[in-house]
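Here is the structure we will look at.
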Amino acid sequence: MRDEDPKTLTVNNAVTPTARRSFIATLGAGMAAVFGVAAAASAGEKKPAPAQTNAALEKQVAELAHQLGRLQDTHAIRCLQHQYGFYLDKCLYQEVVDLFADDAEVHFNGGIYRGKDKGVKRLYIDLFRTTFTGGRNGPLPGFLLDHPTLQDVVDVAPDRQTAKARFRCLMQAGVHETSHAPMAESARARGGKFPQWWEGGIYENQYVRDKGVWKLQVLNYNPIWHADFETGWAHTRPNYVPAASTTYPENPVGPDELIKRPLWPDTDVVPFHYVHPVTGKAWSA
């Protein structure tokens, strides 16, 4: 969503240096006007039409306070997403689950997982924690999962109760040859090589303010490409990470619903939650 107010301080609510300067200048002008009226009154000067002036100043201060609140929301959502990334990278899966709203959902690997205490927990605790750390809430020696999250575009709704954001991530993952993490033991048992791979993806997420706290409402992760570390993306094998094919409860750790998931070398565009900042047009395939 895009704020159509010509006084908006953001482009897609991404705070810019120009926006900050504009906001500070406007705030300064508004406060100067307020203090100017007060000073004139204390000096005994003739006041402007009181009702009209006070109403205008009150409106301006309210608008500035609202825009400041949206800037604070944008910062909070950006921090929330990066905090999610730090917890996930260190296999702190319970901390990850705690970031979600009760009716949240996760779109991941060809499936939708619904409900914080059901689908979201099933994905992060029952699947990820079992697969990657053998049930431990925290990292194991020799297990690598780092995915820096960047290039964020955050849009806060005018009522400041919901928001949408787009992020890019670049993942490095795998296991060391000395590791006893489940993935390493599996590779060792097969007599194969220890996995180490690259991954690129796009988040198109939704957030909700729940009792004054921003939480993840929809985490929509779209992996774009995978590649073995040794051979790179030019030689990515088909179906590098097999997508979900059966749902819960047939699959005890499966999603509640299956969805299409194109992958490299396909080059589909993940739909944008925002319109073009110059033309105002929504992108369509």
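The values are calculated or read from the model by the stated rules, or taken from the named source; none is laboratory data. What you are looking at is a predicted structure, and each value in this text was computed from that prediction instead of being measured. Quick reminder, even Gly has a Cβ in these numbers, built from the backbone with ideal geometry, and neighbours come from all protein chains shown.
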Problem - Cβ pairs under 8 Å, 6+ apart, first in segment 160-173 and within 11 Å of VAL208 (Cβ to Cβ), second modelled with pLDDT under 95 and surrounded by fewer than 16 Cβ atoms within 10 Å (Cβ to Cβ) - result: LYS164/MET1
Practice task
Could you check how many residues of segment 200-211 are surrounded by 18 or more Cβ atoms within 10 Å (Cβ to Cβ) and either over 24 Å from the mean Cα position of the chain (by Cα) or acidic (Asp, Glu) (or both)?
Solution key: 1
Practice task
Exactly one condition in (1) buried (at least 16 other Cβ atoms within 10 Å of the Cβ); (2) free of Cβ contacts under 8 Å to residues at least 24 places away in the same chain is not met by GLU185; state its number.
Solution key: (1)
Practice task
Considering only segment 165-179, state which residues are over 30 Å from LEU71 (Cβ atoms), surrounded by fewer than 17 Cβ atoms within 10 Å (Cβ to Cβ) and under 32 Å from the mean Cα position of the chain (by Cα).
Solution key: GLN172, HIS176
Handout entry: Within segment 232-274, considering residues that are more than 19 Å from PHE128 (Cβ to Cβ) and of a type in the set (Ser, Thr, Tyr), the one farthest from the chain's Cα centre (by Cα)
Key = THR236
Handout entry: Leading residue by the ranking (nearest to LYS164 (Cα to Cα)) among those in segment 266-281 that are surrounded by fewer than 12 Cβ atoms within 10 Å (Cβ to Cβ) and without any contact (Cβ under 8 Å) to a residue 12 or more places away in the chain
Key = LYS281
Problem - Residue in segment 71-109 that is surrounded by the fewest Cβ atoms within 10 Å (Cβ to Cβ), counting only those that are in contact (Cβ under 8 Å) with a residue 60 or more places away in the chain and polar (S, T, N, Q) - result: ASN109
Problem - Pick from segment 113-126, criterion crowded, with 20+ Cβ neighbours inside 10 Å and touching a residue at least 60 places away in the same chain (Cβ under 8 Å), ranking: nearest to TYR87 (Cα to Cα) - result: LEU123
